[in-house]
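First up is the structure itself, then whatever we jot down about it.
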Protein chains: 2
Amino acid sequence: MDTTQRTDQQRSADRRRRELLEAADRVVLRDGPQASMNAIAAEAGITKPILYRHFGDKGGLYAALAKRHTDALLDSLRAALDAPADRRERVESTLDTYLAAIEARPQVYRFLMHPAEGGQVGDQGFDVGKHSAPLLRRMGEELATVIEERLDLGPGSQQLARVWGHGIVGMMHAAGDWWLGERPCSRAELVRSLADLLWGRLAAAGDKMGGPGF
Amino acid sequence: MDTTQRTDQQRSADRRRRELLEAADRVVLRDGPQASMNAIAAEAGITKPILYRHFGDKGGLYAALAKRHTDALLDSLRAALDAPADRRERVESTLDTYLAAIEARPQVYRFLMHPAEGGQVGDQGFDVGKHSAPLLRRMGEELATVIEERLDLGPGSQQLARVWGHGIVGMMHAAGDWWLGERPCSRAELVRSLADLLWGRLAAAGDKMGGPGF
DNA sequence: ACGTGCGTGTTACTAGCGGTAACCCTAGTT
DNA sequence: AACTAGGGTTACCGCTAGTAACACGCACGT
């Protein structure tokens, strides 16, 4: 019952936990999201049951791992979003921050977007919805609150802000994913194009004559 | 060498293939993307090796299965996109078509968005990029061509159209996914909000006074 | 000094997966 | 009658996630 002792134990456990997470990180960075518990345990220099004692199951480990990276990325996104500049500049800088991150560490990115997904047991209920990567959801909600705080959207602003938050994040995600695969242009061009889209250039563009029909 | 015979065989094989795909469809609809080859074979009333003879591996089966649904969905999207109406109406109708589809059959939707992903062998190369669901990519490209065909975007229009295609599809996808999970509003409201976003209401909105800092 | 827990670690196992090799059996050809 | 060609099955491999059961070490109370 001595609290000192408990604290000692807990600190030790926490340190272990961090070591394990770093080992897992290395393996995921090397092997991608398919990294097996065996491989992670081996990298950490221990055996599987220890991993399971610390994280419960694979999902637990992956969640813990994802939280670290997600928190880090969200921090830099918040910084870009909070910079003292006009709206367009802030949007572009946020987009660029995100794209730079996924460009710099695509393995981590892939892991965050497709966490585990495997697991042949349980999941019978199937949980439709909420199957999207937690990172996307968190970014969407985060952006929604920022939008709702900063922008004057009239009635129904809360709902609107959330739709926009998730929508914009999804736009950024899909475009980034495609861009990362094909590299059809520079990061700066991509940022500009996306910002243009958000700035209504789609609606403002003129029709091309000679199209089919009307 | 008789062509008739060959045709007979091929027709028989095709029919079998369709039967297998329909069985697979039922299982996926019931068990989600985790559906095992064993379960699919059982549902079809046969055993695993036959599945493998027809589709090569799990990826092959899933690809064939996904292609059917993807083609169907893309057809209805094209119809909505090609309807004789003004741009805003067409955009809204396309969004609504997509959302109605994922709302009607969420299991299929989930399967299309997270195909397999498992597989403990191979994949060492890791294929960064192109890991996004093929459906998203195809929708993005499709939309890109429509945009490029219809809109007059000035220089660099091709690049711009592709970025927008993938971006808009991603927006639709993420918002739809979130909406499907939380159901925070009606489909019509969601469609309106997204169209508003595309129509530049984000850029047009006024700042909220009393915000932090500037 | 001596058990007695308790935390930490291991080995060895289960159940199920994707995938395949080997066999089997029936139909049609020569 | 003998032989081949497909469609089908059984039985297996190697791998995975996850767990039960056992073994060491170190602080404790008596």
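The values are calculated or read from the model by the stated rules, or taken from the named source; none is laboratory data. These numbers come from a predicted model, not from an experiment. Please note: Cβ atoms are built from the backbone with ideal geometry, for glycine as well, and neighbour counts cover all protein chains shown. Protein only, heavy atoms only, side chains kept; ligands, DNA and RNA dropped before computing areas. Shrake-Rupley method; radii C 1.70, N 1.55, O 1.52, S 1.80 Å.
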Selected residue (criterion: modelled with the highest pLDDT) from residues of the stretch A:116-137 that are assigned to a loop (DSSP other than H, G, I, E, B) and within 30 Å of residue A:188 (Cβ to Cβ): A:133
Counted residues, the stretch B:36-58 - those being more than 14 Å from chain A (Cβ to nearest Cβ), within 12 Å of DNA strand D (Cβ to nearest atom) and under 12 Å from residue B:23 (Cβ atoms): 8
Filtered residues of the stretch A:14-28 (kept if modelled with pLDDT of 90 or more, surrounded by fewer than 18 Cβ atoms within 10 Å (Cβ to Cβ) and either more than 27 Å from residue A:142 (Cβ to Cβ) or in the same structural domain as residue A:137 (by TED's automatic domain parsing) (or both)): A:19, A:26
Qualifying positions in the stretch B:29-59 - more than 8 Å from DNA strand C (Cβ to nearest atom) and closer than 22 Å to residue B:137 by Cα: B:32, B:33
Some residue of the stretch A:138-161 being modelled with pLDDT under 95, closer than 22 Å to residue B:110 by Cα and open to solvent by 50 Å² or more (accessible area, probe 1.4 Å): yes
Single condition residue A:175 does not satisfy, out of (1) touching a strand residue (DSSP E or B) at 6+ places or on another chain (Cβ under 8 Å); (2) open to solvent by less than 10 Å² (accessible area, probe 1.4 Å): (1)
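Just to be sure before I move on: is residue A:191 modelled with pLDDT of 95 or more, in contact with a Cys (Cβ under 8 Å, 6 or more places away or on another chain), of a type in the set (A, V, I, L, M, F, W, C) and crowded, with 18+ Cβ neighbours inside 10 Å in the structure I sent?
no
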Those residues of the stretch B:60-98 which are over 17 Å from residue B:176 (Cα atoms), more than 16 Å from DNA strand C (Cβ to nearest atom) and within 14 Å of another protein chain (Cβ to nearest Cβ), in sequence order: B:78, B:79, B:81, B:82, B:83, B:84, B:85, B:86, B:87, B:88, B:89, B:90
In the stretch B:169-195, the residues that are under 24 Å from residue A:208 (Cβ atoms) and either more than 7 Å from every other protein chain (Cβ to nearest Cβ) or not in a helix (DSSP H, G or I) (or both): B:172, B:195
Scan of the stretch B:51-84 for residues that are surrounded by fewer than 15 Cβ atoms within 10 Å (Cβ to Cβ), touching a Phe, Trp or Tyr at 6+ places or on another chain (Cβ under 9 Å) and under 23 Å from residue B:186 (Cβ atoms), ordered by number: B:76
One residue from A:61, A:74, A:81 being in a helix (DSSP H, G or I) and over 16 Å from the mean Cα position of the chain (by Cα): A:61
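Does residue A:33 count as in contact (Cβ under 8 Å) with a residue 60 or more places away in the chain and outside the structural domain of residue A:196 (by TED's automatic domain parsing)?
Numbers: in contact (Cβ under 8 Å) with a residue 60 or more places away in the chain: yes; outside the structural domain of residue A:196 (by TED's automatic domain parsing): yes.
Yes: the conditions hold for residue A:33.
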